[in-house]
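The values are calculated or read from the model by the stated rules, or taken from the named source; none is laboratory data. The structure presented is a predicted model; accordingly, all values stated were derived computationally and were not measured. Methodologically, a virtual Cβ is constructed for each residue, glycine included, from the backbone with ideal geometry; neighbour enumeration extends over all protein chains shown.
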Amino acid sequence: MTVRPILRFPHPGLKTPCAPVTAFDDRLRTLVADLLDTMRAAPGVGITAAHIGVFERVTVIELSREDGVRVYVNPEIVSASGETSRNTEGSVSMPGATDEVIRPNAIRFRYQDVDGHTHEADAEGFLAICIQHEVDQLDGIFWLQRLSKLKRDRLVKKWEKAGG
């Protein structure tokens, strides 16, 4: 469809909580297609509508072409495991900047598909990390907020120095 411009850190939209999707129509399908094209062009493995300035609860994740595209509308985490792991994260809104974030290893989550049907599923490992990362973004929590102030300040300074 269309590769859309991505909001760049520190755009205030990246801290904006997104509204639930209520219309499951062609506009939503076009948004999902645009998100996929934009994410692949970035490149990235996940993107939310907020990343392109559309403040609705939609995310697209594609860990690999073989795994296929996952579309989650109005996703919410229902529960999380007590076990955590440290994973390298970054954002299409802050290309080239990465750091380690600690998150639960496994989650149970609820979401709707593009037709509005509700589902519940379990995710673990990298998929669970990605879903948590994107749900944070939909809640207005940019991934840097998961870092200590010291790590965050160092990373932002390094990113800005590199031309971010």
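Observations on the structure shown:
- Single residue of 52, 47 found to be in contact with a helix residue (DSSP H, G or I) (Cβ under 8 Å, 6 or more places away or on another chain) and more than 27 Å from residue 150 (Cα to Cα): 52
- Among the conditions (1) out of contact with any Lys or Arg (no Cβ under 8 Å at 6 or more places or on another chain); (2) closer than 20 Å to residue 124 by Cβ, residue 85 misses just one, which is (1).
Residues checked against (1) under 17 Å from residue 60 (Cα atoms); (2) of a type in the set (A, V, I, L, M):
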site	(1), (2)
87	no, no
101	no, yes
107	no, yes
115	yes, no
128	yes, yes
136	yes, no
144	no, yes
154	no, no
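- Single condition residue 136 does not satisfy, out of (1) free of Cβ contacts under 8 Å to residues at least 12 places away in the same chain; (2) over 16 Å from the mean Cα position of the chain (by Cα); (3) not in a loop (DSSP other than H, G, I, E, B): (2)
- Selection within the range 96-138 - of a type in the set (Val, Ile, Thr) and surrounded by fewer than 20 Cβ atoms within 10 Å (Cβ to Cβ): 98, 102, 114, 118
- The range 60-115, subset over 26 Å from residue 156 (Cα atoms) and hydroxyl-bearing (Ser, Thr, Tyr), residue farthest from the chain's Cα centre (by Cα): 81
- Residue match in the range 50-72 (condition: among the basic types (Lys, Arg), at pLDDT below 95 and within 30 Å of residue 28 (Cα to Cα)): yes
- Yes/no for residue 148 being more than 24 Å from residue 42 (Cα to Cα), of a type in the set (Ser, Thr, Tyr) and out of contact with any strand residue (DSSP E or B) (no Cβ under 9 Å at 6 or more places or on another chain): yes
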